[in-house]
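Trainee: Right, I'll just put the structure down here and ask away after.
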Amino acid sequence: MRCSPMSGAAVELNGVSKVFGTGDAKVDAVAPLDLMLKAGQTTALVGPSGCGKSTVLRMIAGLEDPTTGTVQIGTETPKALARRGAVSMAFQDPSLLPWRTLHSNIALGLKLARKPSNPDQVNALIDLVGLSGFGDRRPAELSGGMRQRAAIARCLISEPELVLLDEPFGAVDAITRNRLNLELPPLWRDRGTTAVLVTHSVQEAVLLSDRILVLSPRPAAVVADITVDQTTIPVPNTPDFQRVCDDVSDALGAVAA
Amino acid sequence: MTRTRGIHGWLSALAALALWEIVAQIYPNSFVIAGPLDVLRHMAENTGLLSRAVTATLHNAAWGFLWGNLGAIILSCTVILLPRSERTISLLALTVFCLPLVATGPILRVLYGPGNGPQIALAALAVYYTTYLALVVGLRAIPQNWSDLTRIYGRGRMTELFYIRARASLPYLIAGLQIAAPAAILGAMIGEFTGADRGLGVLTLRAMRSLDVDATWALASLAATVSILVYGIIGWIGRRLVAHPASILMTPPPVQGRENWSRSLGKAVALIALVLVLWHSVMDIFDLNRFFAKRPLDIWRYLTTNDEARSTLRTALTETSALTVPGYLAGLGLGAGLAILLTLVPALSATVLPAAIALRSVPIITTAPLIVLALGRGAAGTIIIVAVMIFFPTLIACLQGLRQTPGQIIDMFDSYAAGRLRLMRWARIPAMLPAFFASARMAIPAAFLAVTTTEWLATGKGIGNLMALTATTSNYNMLWSAIVVVTAAATLAYLVVERIERAILRVYASEQVQG
Ligand SMILES: Nc1ncnc2c1ncn2[C@@H]1O[C@H](COP(=O)(O)OP(=O)(O)OP(=O)(O)O)[C@@H](O)[C@H]1O
Ligand SMILES: [Mg+2]
């Protein structure tokens, strides 16, 4: 695989808000947000359920238009970035196509991004995510954790400048989740890809990200902005690690109260 | 489980055959009924003739099946690619589907001359609408994430259709094709009634005219067997292709809020104008002879200047409605009622469902001569044919709907020891409603088809007979007027049922309406 350091794109949100519906059915999902996410960094969004995390992610992806404000990625709009095939997203459930094999599910990431198909590259990534030998299986024959790996592989195969991960490990058990947390992040981190991650797990956020944004209940607003030094902190069960976790939990507890 | 059910099926089929033979033996030489032995003898004596006829009918049905389904695929893909076109395309497709085959058949015959054209065209007309509805539902029914998957890469609807929707809708396509296969045979046979020179329909007409009871029964049995076979074969192929066949609920397209009447009226007027313009321009483009290819204005002039014609038409329509409405209501009521009864006795429903599914594919209309032979030309025969035509699809749809009551809800009622009747009333019947209404809508064109065909072939009354008569006397003004009236009545009735459906589902099954 090609490893070009710092190939990520910075993400900038200027006064981005989202209101769904009108009249009585109006839902204020996201309050105006100003954010600057540095290129190559992984940012975690944590917050109470239904607070608008997925909506923020979808607006960054260009899947949802902001009601006010603009999203800029590098120098482009999200949709322009998408048309270049330079962004990809993993959903809460793996969303693999059941009629395709694991290999062709991952290869679909290349096809949709209009990149030339490259079976060797797909196989190499399959090995990297620990699915060697399962390339010709269909999703129904794989475990939940294996499907999550495949979904992440589909995301990364197109070598995007920005990956968006919406609770990618939400559907797997705690043990598998811990393993995936250790094994998968280097795949985008080492390539310098910018990442935005939504998670409900404080530990996961601290483990994976350079920066943690704690969001308030709907409409989402940033209530805490915590920096994690990935060169020293992310070793579980150390006092430093525990301290950051406590900071995040306190912020979450404050908004939940 | 499946095995015992299979054995049950065979046993009940054998019992039915025995009963049939006994009845036939009780009434020998009755000019009404021929038993299975007579039927078999007739088949053995005419193997060559019958197999040539089956081949001809199957050949035409296959081509109609192909063209009709191709049309359905193109239409449904258009709707997915251009969502705003949906309402218009759906209504046009419905209008064409409501065309009375009994009248379009003879016109196509004039157009094509002797060959296979009309049979193939009618077979195509008979199949495309169910496949279209099934496919639209199937192409739409994908999880949000799958459609986001293509959008995240900045790809459009075309990519989504190609990589995701097309394959995801396969189970729905197969379910649609399975229903379409027997319908194609039915359409081809009606085409053959209009004066083909080969096929099961031709032999059926000949047997009826010469009051050959053995031949009539043999042909009806043959058509039924062939239909059940093609239904089974497509189902078998489908099960090899997809693991989970879809149970299709052809729910109406979602509506945003309540439409006010003036807006609906405006849309209706626009649609009617569109139909008339299309009608006129298609005929002009193909330069069809004005003598038999009447334009909308010709019909307008004919009907506005000719009092006698108007009253003939009114009388015929009244006669026909008096048979259609009771048959339609009886078929729906009996289908839904029996489905409810059967669900109260679950063991029974497991046995009846496969039999009902097999019987649905029997081309009921081609047995119309038999039923009229047995019951005479009065109202009862026709009403029964309409009711039977509607009964089986309704029964199957309702049984499937009743089975879809969510398990947790059943458990909840059980935990209150609420009893079967209450469970039925409060949980199962609401769960059945979408399926019931879907079949109530689809039953409308079917009811008109049954009535007009019976009137044409057997009773010599009503608008079906008027169509047949005017076709033979080349009174094309009247024929086209009858087509307009029947098509408009069927389309209107369909839309009325759709409105009732929306109103009721909004209360009982709101998630279905929001689609
Ligand atoms: N398409 C939509 N139409 C209307 N309301 C919506 C839509 N999408 C989301 N919402 C509403 O916006 C709010 C935020 O939703 P969102 O999915 O962003 O929350 P979330 O933080 O991701 O929640 P969770 O942690 O449960 O995934 C919710 O109240 C939701 O009901
Ligand atoms: Mg979410």
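Trainee: Working only within segment A:91-122, note down all residues that are more than 10 Å from chain B (Cβ to nearest Cβ) and in contact (Cβ under 8 Å) with a residue 60 or more places away in the chain.
Mentor: Selection gives A:Gln121 alone.
Trainee: Residue by residue through segment B:364-397, note down the ones that are open to solvent by less than 30 Å² (accessible area, probe 1.4 Å), under 16 Å from the mean Cα position of the chain (by Cα) and of a type outside the set (A, V, I, L, M).
Mentor: The answer is B:Thr366, B:Thr367, B:Thr394.
Trainee: Shifting gears a bit: Residues in segment A:59-72 that are over 26 Å from A:Arg149 (Cβ atoms), in contact (Cβ under 8 Å) with a residue 60 or more places away in the chain and either within 11 Å of another protein chain (Cβ to nearest Cβ) or open to solvent by less than 20 Å² (accessible area, probe 1.4 Å) (or both): how many?
Mentor: 1
Trainee: Let me ask something else about it. Take the conditions out of contact with any Gly (no Cβ under 6 Å at 6 or more places or on another chain), within 13 Å of ligand 2 (Cβ to nearest atom) and within 14 Å of chain B (Cβ to nearest Cβ) and apply them to A:Leu81. Does it pass?
Mentor: On the way: out of contact with any Gly (no Cβ under 6 Å at 6 or more places or on another chain): yes; within 13 Å of ligand 2 (Cβ to nearest atom): no; within 14 Å of chain B (Cβ to nearest Cβ): yes.
No; evaluated as a whole, the condition is false for this residue.
Trainee: For B:Leu92, are the conditions met, namely being under 30 Å from B:Glu160 (Cβ atoms) and either within 18 Å of the chain's Cα centre (by Cα) or modelled with pLDDT under 90 (or both)? Spell out the reasoning first.
Mentor: Numbers: under 30 Å from B:Glu160 (Cβ atoms): yes; either within 18 Å of the chain's Cα centre (by Cα) or modelled with pLDDT under 90 (or both): yes.
For B:Leu92, the condition - under 30 Å from B:Glu160 (Cβ atoms) and either within 18 Å of the chain's Cα centre (by Cα) or modelled with pLDDT under 90 (or both) - is met.
Trainee: Identify, please: which residue in segment A:184-202 is farther than 17 Å from A:Ala124 by Cα and either free of Cβ contacts under 8 Å to residues at least 40 places away in the same chain or not hydrophobic (A, V, I, L, M, F, W, C) (or both) and is, among those, nearest to ligand 1 (Cβ to nearest atom)?
Mentor: From segment A:184-202, those farther than 17 Å from A:Ala124 by Cα are A:189, A:192-202; that's our starting set.
If we keep only those that are either free of Cβ contacts under 8 Å to residues at least 40 places away in the same chain or not hydrophobic (A, V, I, L, M, F, W, C) (or both) too, we end up with A:189, A:192-194, A:199-201.
Details: A:Arg189: 23, A:Gly192: 27, A:Thr193: 22, A:Thr194: 20, A:Thr199: 9, A:His200: 7, A:Ser201: 12 Å.
Only one residue fits best here, namely A:His200.
Trainee: Would you mind stating whether A:Asp127 is surrounded by fewer than 19 Cβ atoms within 10 Å (Cβ to Cβ) and more than 16 Å from ligand 1 (Cβ to nearest atom)?
Mentor: Spelling it out, A:Asp127 is indeed surrounded by fewer than 19 Cβ atoms within 10 Å (Cβ to Cβ) and more than 16 Å from ligand 1 (Cβ to nearest atom).
Trainee: Output the residues belonging to segment A:152-200 that are open to solvent by 10 Å² or more (accessible area, probe 1.4 Å), away from ligand 2 (no atom under 16 Å from the Cβ), within 22 Å of A:Ala82 (Cβ to Cβ) and in a loop (DSSP other than H, G, I, E, B).
Mentor: Correct list: A:Glu159, A:Glu161, A:Arg191.
Trainee: Sticking with this structure for a sec: May I ask you to list pairs of residues, at least six apart or on different chains, whose Cβ atoms are under 9 Å apart, with the first in segment A:10-34 being open to solvent by less than 20 Å² (accessible area, probe 1.4 Å) and the second being of a type in the set (Phe, Trp, Tyr) and within 11 Å of ligand 1 (Cβ to nearest atom)?
Mentor: A:Ala29/A:Phe20
Trainee: Within segment A:67-100, which residues are among the aliphatic types (A, V, I, L, M) and within 19 Å of A:Pro160 (Cα to Cα)? It would help to see each step written out before you state the result.
Mentor: Going residue by residue through segment A:67-100, those that are among the aliphatic types (A, V, I, L, M) are A:71, A:73, A:80-82, A:86-87, A:89-90, A:96-97.
A:Val71, A:Ile73, A:Ala80, A:Leu81, A:Ala82, A:Ala86, A:Val87, A:Met89, A:Ala90, A:Leu96, listed by residue number.
Trainee: Residue under question is B:Arg198, and the condition is that it be more than 14 Å from every other protein chain (Cβ to nearest Cβ), surrounded by fewer than 24 Cβ atoms within 10 Å (Cβ to Cβ) and under 21 Å from B:Ser227 (Cα atoms); does it hold? Show your work before the answer.
Mentor: Working: more than 14 Å from every other protein chain (Cβ to nearest Cβ): yes; surrounded by fewer than 24 Cβ atoms within 10 Å (Cβ to Cβ): yes; under 21 Å from B:Ser227 (Cα atoms): yes.
So B:Arg198 fits the description; yes.
Trainee: I would also like to ask the following. Among (1) in contact with a Lys or Arg (Cβ under 9 Å, 6 or more places away or on another chain); (2) more than 8 Å from ligand 1 (Cβ to nearest atom); (3) modelled with pLDDT under 90, there is one condition A:Val46 misses while meeting the rest; what is its number?
Mentor: (3)
Trainee: Right, next: Being more than 14 Å from chain A (Cβ to nearest Cβ), more than 25 Å from B:Leu495 (Cβ to Cβ) and of a type in the set (Gly, Ala, Ser) narrows it down to one of B:Gly187, B:Gly176, B:Gly117, B:Gly154, so name that one. Explain how you work it out, then say what you get.
Mentor: Working: B:Gly187 fails: more than 25 Å from B:Leu495 (Cβ to Cβ); B:Gly176 fails: more than 25 Å from B:Leu495 (Cβ to Cβ); B:Gly154 fails: more than 14 Å from chain A (Cβ to nearest Cβ).
Result: B:Gly117 is the single residue among B:Gly187, B:Gly176, B:Gly117, B:Gly154 that is more than 14 Å from chain A (Cβ to nearest Cβ), more than 25 Å from B:Leu495 (Cβ to Cβ) and of a type in the set (Gly, Ala, Ser).
Quick grid of which residues meet (1) part of a helix (DSSP H, G or I); (2) crowded, with 19+ Cβ neighbours inside 10 Å; (3) within 11 Å of chain A (Cβ to nearest Cβ):
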| position | (1), (2), (3) |
| --- | --- |
| B:Val136 | yes, yes, no |
| B:Leu139 | yes, yes, no |
| B:Trp146 | yes, no, yes |
| B:Met158 | yes, no, no |
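Trainee: Filter segment A:40-58 down to the residues that are more than 13 Å from ligand 2 (Cβ to nearest atom) and surrounded by 23 or more Cβ atoms within 10 Å (Cβ to Cβ) and list them by number. Give the steps one after another, and end with the answer.
Mentor: Narrowing segment A:40-58 to residues more than 13 Å from ligand 2 (Cβ to nearest atom): A:40-44.
Within segment A:40-58, A:Thr42, A:Ala44 meet the criteria.
Trainee: Now, a different point. Applying the selection to segment B:301-314, what residues are in a helix (DSSP H, G or I) and either surrounded by 14 or more Cβ atoms within 10 Å (Cβ to Cβ) or in contact with a helix residue (DSSP H, G or I) (Cβ under 6 Å, 6 or more places away or on another chain) (or both)?
Mentor: Of the residues in segment B:301-314, the ones in a helix (DSSP H, G or I) are B:301-305, B:307-314.
Listed by number, the residues that qualify are B:Tyr302, B:Leu303, B:Ala309, B:Arg310, B:Thr312, B:Leu313.
Trainee: With the structure loaded, tell me whether B:Tyr163 is surrounded by fewer than 20 Cβ atoms within 10 Å (Cβ to Cβ) and assigned to a helix (DSSP H, G or I) or whether it fails that test.
Mentor: yes
Trainee: Condition first: away from ligand 2 (no atom under 16 Å from the Cβ), surrounded by 15 or more Cβ atoms within 10 Å (Cβ to Cβ) and outside any loop (DSSP other than H, G, I, E, B). Now tell me which residues in segment A:214-236 satisfy that. Reasoning before the result, please.
Mentor: So in segment A:214-236, the residues away from ligand 2 (no atom under 16 Å from the Cβ) come out as A:221-236.
Pick out the ones that are also surrounded by 15 or more Cβ atoms within 10 Å (Cβ to Cβ) and you get A:221-224, A:226, A:228, A:230, A:233-234.
Once the filter is applied, which keeps residues that are away from ligand 2 (no atom under 16 Å from the Cβ), surrounded by 15 or more Cβ atoms within 10 Å (Cβ to Cβ) and outside any loop (DSSP other than H, G, I, E, B), segment A:214-236 yields A:Val222, A:Val223, A:Ala224, A:Ile226.
Trainee: Answer yes or no as to whether A:Leu37 is at pLDDT 90 or above and more than 9 Å from ligand 1 (Cβ to nearest atom).
Mentor: Numbers: at pLDDT 90 or above: yes; more than 9 Å from ligand 1 (Cβ to nearest atom): yes.
In short, yes.
Trainee: Is it true that B:Leu108 is open to solvent by less than 40 Å² (accessible area, probe 1.4 Å) and away from every other protein chain (no Cβ under 14 Å)? Steps first, answer last, please.
Mentor: Details: open to solvent by less than 40 Å² (accessible area, probe 1.4 Å): yes; away from every other protein chain (no Cβ under 14 Å): yes.
Judged against the criteria, B:Leu108 is a match.
Trainee: Quick one: in segment A:19-34, which of the residues that are more than 14 Å from chain B (Cβ to nearest Cβ) and among the small types (Gly, Ala, Ser) is nearest to ligand 1 (Cβ to nearest atom)? So that I can check it myself, show each step before the final result.
Mentor: Let us first name the residues in segment A:19-34 that are more than 14 Å from chain B (Cβ to nearest Cβ), namely A:19-20, A:26-34.
Subset that is among the small types (Gly, Ala, Ser): A:29, A:31.
Numbers: A:Ala29: 4, A:Ala31: 12 Å.
Across segment A:19-34, the extreme among qualifying residues is A:Ala29.
Trainee: Continuing with this model, one more query. Go through segment A:151-169 residue by residue and tally those that are within 13 Å of chain B (Cβ to nearest Cβ) and closer than 21 Å to A:Ser201 by Cα.
Mentor: Residues in segment A:151-169 being within 13 Å of chain B (Cβ to nearest Cβ) and closer than 21 Å to A:Ser201 by Cα: 7 in total.
Trainee: Which condition number in (1) closer than 19 Å to B:Met389 by Cα; (2) in contact (Cβ under 8 Å) with a residue 60 or more places away in the chain; (3) of a type outside the set (A, V, I, L, M, F, W, C); (4) open to solvent by 10 Å² or more (accessible area, probe 1.4 Å) is the one that B:Thr225 fails?
Mentor: (2)
Trainee: Let me ask another. Are any residues in segment B:327-350 open to solvent by 50 Å² or more (accessible area, probe 1.4 Å) and out of contact with any Leu (no Cβ under 9 Å at 6 or more places or on another chain), and if so, which ones?
Mentor: Here is the first cut: in segment B:327-350, the ones open to solvent by 50 Å² or more (accessible area, probe 1.4 Å) are B:329, B:334, B:338, B:341, B:345-348.
Matches in segment B:327-350: B:Leu329, B:Val345, B:Pro346, B:Ala347.
The values are calculated or read from the model by the stated rules, or taken from the named source; none is laboratory data. Predicted, not measured: the structure shown is a model, and the values here were computed from it. Ideal geometry is used to build each Cβ from the backbone, glycine not excepted, and the neighbour counts take in all protein chains shown. Ligands, DNA and RNA are stripped out before the accessible areas are found, and what is left, the full protein with its side chains, is counted by its heavy atoms. Shrake-Rupley method; radii C 1.70, N 1.55, O 1.52, S 1.80 Å.
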